[in-house]
1. Report relative contact order for chain B in percent, whole number only (criteria: Cα-Cα under 8 Å, sequence separation at least 6).
2. Considering every residue in A:72-83, what mean count of other chain Cβ atoms within 10 Å of its Cβ is obtained?
3. Need the C-alpha centroid separation for segment A:43-76 versus segment B:50-85, integer Å.
4. Provide the descending list of Cα extents for segment B:21-72 along its principal axes, expressed in whole angstroms.
5. I need the phi-derived Karplus couplings for segment B:31-39: 6.51 cos²θ - 1.76 cosθ + 1.60, θ = phi - 60°, integer Hz, Gly and Pro marked x.
6. Provide the net charge surrounding A:G98, with neighbours chosen by a C-beta distance below 10 Å and charges set as Lys +1, Arg +1, Asp -1, Glu -1.
7. With only alpha-carbon atoms counted, please give the Rg and Dmax of segment A:92-132, in Å.
8. Within a Cβ distance under 13 Å of A:A19, other residues only, what is the Lys/Arg minus Asp/Glu net charge?
Amino acid sequence: MTNLSRKCVPFTPFEGELAKSNIAIVSAAGVHAKDQEAFNIADDLGDLSYRVIGPDVAGDDLMVTHHHYDHQDADQDINIVFPIDVLRELADEGFIGGLANKHIGYMGYTMRLKDMYSETAPAIAKEIDRGSRAQAVILTGG
Amino acid sequence: MLGTPTVLITVSPEVSAQMRPPRALYPNGFKIGNSLGKPGKRDLQKQVLKDALELLTQNTRPGSFETKDYPAYGDYFEAPSVGSK
């Protein structure tokens, strides 16, 4: 972590228009579809895997598996950590162009930070880069 | 490769700052687990999301955090500090 924080800020300018852009959500809040495999909260070291969530999923089809924050509120309304329905409303209103083809949920708790940094994070970036058609990404945590 | 622009919504700005996100919005006083507000408060959630997305179009300094107040949230929680995490 300390090494990471000493590096410069990786900054990609946004050069499009929101109204023409597809937006993806990438969330560390432990969100996944109810029919996807849950994150492994039994492993004290955390779970380094992630789930790809499609653009047509409704918030009610999603759930949280995460044991390091209080997600009772998110259990009632997933949009407070993974704003998929809100994003859809913004698309309907024309504020954004649309939803990206892929959104990502992972459990932002791990004791294996090096693996998260060197393996999980690049794999997620590659998911977004290949086939999501996202022009920008909203990041959320728990 | 150019990469994809990102904007973070965080309720733990001090903790998040360690990761040096390129752009971030801190909804002032929101608690952990409430990144976009409270359940069912769709107008509030929408405003937070719009404000975060608009940071993409503003000429923000790389690594800067924008703190915004949202009275509709109706609560105030201290954000965790790095020392307490």
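1. Working: 130 pairs, mean separation 34.2, N = 85.
Dividing the mean separation by the residue count of chain B yields 40 percent.
2. Values: counts 2, 7, 5, 2, 3, 8, 1, 10, 13, 7, 2, 10.
The per-residue average across the peptide is 6.
3. Going from one Cα centre to the other spans 22 Å.
4. Largest first, segment B:21-72 extends 32, 19, 16 Å along its Cα principal axes.
5. Computed from phi, the couplings for segment B:31-39 are 8, 4, x, 10, 3, 10, x, 10, x Hz.
6. Working: positive: A:K20, A:R88, A:R133; negative: A:D92.
Result for the neighbourhood of A:G98: +2.
7. 13.8, 41
8. Within the 13 Å Cβ shell, the charges total -2.
Every number in this text was worked out from the coordinates using simple rules, so none of it is lab data. Quick caveat, the model's predicted, so the values are computed rather than measured. Positions of Cβ are backbone-derived with ideal geometry, glycine not excepted, and every protein chain shown enters the neighbour counts.
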